[in-house]
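Written below as structure tokens is the structure these notes are about.
The values are calculated or read from the model by the stated rules, or taken from the named source; none is laboratory data. Keep in mind it's a predicted model, so treat the numbers as computed, not measured. Using ideal geometry, Cβ is built from the backbone for each residue, glycine included, and neighbour counts are taken over all protein chains shown. Surface areas here come from the heavy atoms of the whole protein model, side chains and all, with no ligands, DNA or RNA. Shrake-Rupley method; radii C 1.70, N 1.55, O 1.52, S 1.80 Å.
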Amino acid sequence: MSNFAFGTYRISDINPQHIEALKEAIESGVTMIDTSSNYMDGGAERAIAIAFREFDEYKKDEVEIVSKFGYLQGTNLFNYKENPSIIQNEEEVVKYSDECYHSISKSFIHEQLSASLERLERQRIECYLIHNPEYYILDAINRGISKDDRLDEMYRRLQEAFVGLEEEVKEGRIGSYGISSNSFSLEHTSDEFLPYEDLLTLAYNAAMIVGNRTHSFTTIELPINILERDGLKCALWAKENGLRVLANRPLNAKYNNMMFRLADYDESKDYYNYFNELMEVCDNESLRPLYNLLEQLDASKHKFGWIGDYDVFLFAQIIPHIKKVLQKVEEDNTQAMLNFIDLFLIEYRKMVAHECAKRTKVELKEFFKECNASMQECALKFLMNRESVDYILIGMRKPSYVHEILSLQR
């Protein structure tokens, strides 16, 4: 049966609740925390360090940290050569320009790892993964490079990265390494698929170049869930070759080019209280635009495809509109209004999630027809019963989530 690992994709060092969730997970026996230098611009790694400050060295040794590299200021360095204009004004990136022209250099890996170790307050990371190297493939496709040429270049870049990682193993700063790639989960016929059968050969070659007795390529991470099952082929290959498999996105799944959140959500009990009170407050000339926005939101809460669509819409449309309206509110009243609106938006999101869950159950009824529990429990147990999956990475941003998830393992 697979183990649950704490995924830190949306974990921040400035959110006390996230820190408490990490502490609770560590205390409750979670043996792996998955993170990345790219998550919250390093905030996830800093949050892990803060959580561990209250534990002794023995407890630290019980929990494996898996981190990732490959991004710098939001740019994936595996396709830096093809997209220099994206980052040409960033001083920190420009100094890597010559090194990154052909691939991820050893010096780049060394500096990325040093930064992660500093944020994590550690001398060593147990496992260090290359993060989404397939970005090069995506860019090469857009530029019309042939499949053979782009794969040859992809393997060459991975080979050089593996050499750098074997050097770090030799120096004792990492225990092992691997790759985290969404492209492992695609059909083999897809142009964006990243073939994995030759990765062990690259690892053996890298170990020989560095002078290590054997390679330290141990881990692959990829999306696998009850809807997206093509990744199980890669997982089976990995297990047959002595690698371990970390499954991410267990509850955020793609199907028929649509995203679904595989979880049930209760309807908010407080939504209409907050909605009606806020409408009453906004029923005047100065706040009429906000009044109209609230009306539109209430009428549209069942129209979002999945909760992720709403989250994007919130930051792209709703919040900017609210800020514009509140510019006309007297300064003394602005904070009170913001607090009131925040409470409403919390409950509104619950309503959207509830509506999305209802639609998901209908649209995916074939996948859950034999499920007598919540969607999330059925989706997670699907993975727990896969012998080719070693760890299921799942976000547990609240202490209550930690208990809910770990209870399934008992």
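Observations on the model:
- Contour excess over end-to-end distance, with Cα ends at S107 and K60 and 0.36 nm allotted per residue: 14.1 nm
- On Cα atoms only, tilt of 271-281 relative to the major axis of the chain in degrees: 60
- Residues of type lysines that K106 reaches as a straight line, Cα spacing below 18 Å, ignoring anything fewer than 8 places off in the same chain: K68, K81, K95, K170
- Label assignment, Rg and Dmax of the Cα atoms in Å derived from the structure, set (i) 20.0, 67; (ii) 20.8, 62; (iii) 23.2, 76: (iii)
- Helix axis angle, 375-384 relative to the chain longest principal axis, alpha carbon, degrees: 10
- The antiparallel fraction among DSSP beta bridges confined to the chain stands at about 15%.
- Apportionment of accessible area to carbon and sulfur, region 255-324, percent (1.4 Å): 49
- In this structure the amide hydrogen of I224, modeled in the peptide plane, comes within under 5 Å of the amide hydrogens of N248, none closer than 5 places in sequence on its chain.
- Using just its DSSP H runs of length 4 or more, each adding -39500 (n - 2.57), the chain gives a mean residue ellipticity at 222 nm of -15000 deg cm²/dmol after division by all residues.
- Protection-proxy order for peptides 354-360, 150-156, each taking the mean of Cβ atoms within 10 Å per residue, highest first: 354-360, 150-156
- The residues of the chain expose on average 49 square angstrom of accessible surface per residue, using a 1.4 Å probe on protein heavy atoms.
- Loop GluC sites (Glu not before Pro), region 216-310, which have at most 13 other Cβ atoms in a 10 Å radius of their Cβ (DSSP): E267, E285
- With θ taken as phi - 60° and the Karplus curve 6.51 cos²θ - 1.76 cosθ + 1.60 applied, the whole-hertz 3J(HN,Hα) list for region 155-161 is 5, 5, 5, 5, 4, 5, 5 Hz, x standing for glycine and proline.
- Between R143 and L338, the distance separating the two model label sites (each 7 Å from Cα on the Cα→Cβ line) works out to 4.4 nm.
- Area of V210 that stays accessible when all protein chains are in place (1.4 Å probe, Å², to 10): 20
- Acute angle (nearest 10 degrees) that the helix 43-52 long axis makes with the longest principal axis of the chain, alpha-carbon atoms: 90
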